[in-house]
Amino acid sequence: MRPLVLCAHGTADPDGQRTVVDLHAAVRAAYDGRVELAYVDVQQPEPADVVGRVYAEGEAPLIVPLLLSTGYHVRVDIAEVVEAYPGTTAAPALGPGERLARVLRHRLVEAGATQEDEVVLAAAGSSRSEAADDAQEMASLLRAVWGGPVRVAYGSAAQPDVPTAVAQARAQAPGRRVAIAAYLLGRGHFHTQLQRAGADLVTAPLGADPLVVEQVLARAAG
């Protein structure tokens, strides 16, 4: 089997770090081949270092982004590594996907949300338009499995931001609760900011859910 390089964002949050380590371990257990881990920001090793090491051993790996949308890190950082090592390729971003929608639905239920609540899907955000398109598609997938209203907001680089979307939901549906569906793999700075965005409920991140592991493996399989 072709070697995989899982490429996460990186975080200083210990719980968020554990999520990625757990995902790596779960994919290694399920994949009949080598599985390495790299980070595009905050943590080490960087993708170029890991891919270069694998490449030097005579194999061109497949990079699988542990990134939920097609943003700068996918289009630029990972793409540059692919270009530098002939034969190396990259899978699409982890989302959008129906498996992830099912995890989001489960997290909403865990948080106590119901279909009577206004749901804000909180994506990390990117200056790349492709990332916004991905988030909108993810919202459509979530609506299909959730059965209630879902709007999109962003943590940075795109509009509306999450506090604005929460305020808009309250204004447009007076008396209804607002729940934030955290479209994140793990905890970190952005998830902490969601707790301060004015919603009634905030879900846990996706985490190393078995369905997330399935999505990683599906991306690896093409």
Paramagnetic reach from ALA173 (point 7 Å along Cα→Cβ, amide N under 19 Å) across segment 135-153: 136-153
The chain: most fluctuating residue of VAL20, VAL109, VAL35 per GNM, C-alpha cutoff 10 Å: VAL109
Within a Gaussian network of the chain (alpha carbon springs, distance under 10 Å), most fluctuating of ALA197, ALA123, ALA84: ALA84
In Hz, Karplus ³J(HN,Hα) per residue of segment 7-21 (6.51, -1.76, 1.60; θ = phi - 60°; x = Gly, Pro): 10, 9, 6, x, 7, 8, 7, x, 5, x, 4, 5, 4, 5, 4
J(HN,Hα) series, segment 189-205, from Karplus relation 6.51 cos²θ - 1.76 cosθ + 1.60, nearest Hz, glycine and proline x: 4, 5, 5, 4, 5, 5, 5, 9, 8, x, 7, 7, 9, 10, 6, 5, x
Sequence-distant residues sharing a close amide H with ARG128 (under 5 Å, placed H): TYR72
From phi via Karplus (6.51, -1.76, 1.60), per-residue ³J(HN,Hα) for segment 174-183 in Hz, x at Gly/Pro: x, x, 8, 6, 10, 10, 9, 8, 6, 8
Long-range HN-HN contacts of LEU66 with modeled amide H, under 5 Å: CYS7, ALA8
Net dipole in debye of the chain [+1 Lys, Arg Cβ; -1 Asp, Glu Cβ; about Cα centre; nearest 20]: 580
Cut-off under 5 Å, modelled amide H: who pairs with VAL202 long-range: ILE180
Descending Cα extents along the principal axes, segment 1-50, whole Å: 32, 23, 10
Dimensions (Å) - the chain, Cα atoms, principal axes, largest first: 62, 31, 29
Only Lys, Arg (+1) and Asp, Glu (-1) charged, at Cβ; segment 103-222 dipole about Cα centre in debye: 200
Taking the C-alpha atoms of segment 11-83, convex hull volume expressed per residue in Å³: 95
Net charge, GLY188 excluded, C-beta distance under 9 Å - Lys, Arg +1, Asp, Glu -1: -1
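Any read-out appearing in this document is the output of simple, stated calculations on the displayed coordinates, not a laboratory observation. Everything quoted here is computed from the prediction, not taken from an experiment. Cβ atoms come from the backbone with ideal geometry, glycine included; neighbour counts cover every protein chain shown.
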